[in-house]
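Reviewing the structure listed below.
None of the figures in this text is laboratory data; all of them are computed from the coordinates on show. Here the structure is a predicted model, which is why all the values come from computation and not from measurement. Heads up, the Cβs are rebuilt from the backbone with ideal geometry, glycines too, and the neighbour counts pull from every protein chain shown.
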Amino acid sequence: MSALGHISLGVRDYEVSKRFYTAVLAPLGLRVVYDSEAKKPSGRTRTFGYGRHEDEEPLNIFETLEKAAPPGEGFHLAFKSSTRESVVEFHAKALEFGGKDNGRPGVRRDYGENYFAAFVVCPDGWRLEAVCKRREEPGVEN
């Protein structure tokens with residue numbers, strides 16, 4: 001069990017970010033488990049959260065408009081993936097929905113013999129990674 005409750009990211013555009021994160025996190029088994037807009041909007045900051053089920057929400061996204069400011073080099077958010085194929089899909093979806101490539105899917109031997117990862121930057125500049133540490137799967141190129 002992780003000691004981490006959740007991480008919150010500030011973004012400029014609620015709709016753009018919701019489309020991006022929903023597409024990118026789906027291959028990793030994460031879905032929207034909270035959406036402030038699903039309730040009656042109260043004029044508060046719009047937010048949505050991702051998890052595997054309603055009792056787990058490790059990632060929250062807050063619309064902070066022009067105040068959104070991701071940290072610089074050295075920070076990135078890594079998501080566990082159960083398969084290499086889902087790492088590849090994470091990367092493809094990120095590019096399809098406005099993200100930028102920051103490291104194509106592949107084995108990163110510097111991190112471990114089975115460290116298969118992909119790196120992207122979301123439309124707001126947050127650096128994201130998907131990683132699978134399982135051995136090579138048939139049908140997935142390294």
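Worth a mention:
- Under-5 Å amide H pairs with Gly103, H placed in peptide plane, nonlocal only: Phe119
- Compared with the dominant Cα axis of the chain, that is its longest principal axis, helix 14-25 is turned about 30°.
- Spin-label pair Val16-Glu56: with each label point 7 Å from Cα along the Cα-Cβ axis, the two points sit 3.1 nm from one another.
- Close amide H partners of Phe79, meaning residues 5 or more places away or on another chain with modelled amide H under 5 Å apart, are Glu129, Ala130, Val131.
- Within a straight-line Cα-Cα reach of under 16 Å, Lys67 can be paired with the following aspartates and glutamates, leaving aside sequence neighbours fewer than 8 residues apart in one chain: Asp13, Asp124.
- Sites matching chymotrypsin sites (Phe, Trp or Tyr not before Pro) across region 42-110 that sit in DSSP coil, with at most 13 neighbouring C-beta atoms within 10 Å: Phe75
- Segment Ala26-Glu85, length gained on full extension (0.36 nm per residue, minus Cα span): 20.0 nm
- Separation in nanometres of the label points that stand 7 Å from Cα toward Cβ, at Asn102 and Ala69: 1.8 nm
- Identified option (computed Kirkwood radius over Cα pairs in Å; candidates [x] 16.6; [y] 15.7; [z] 14.6): [y]
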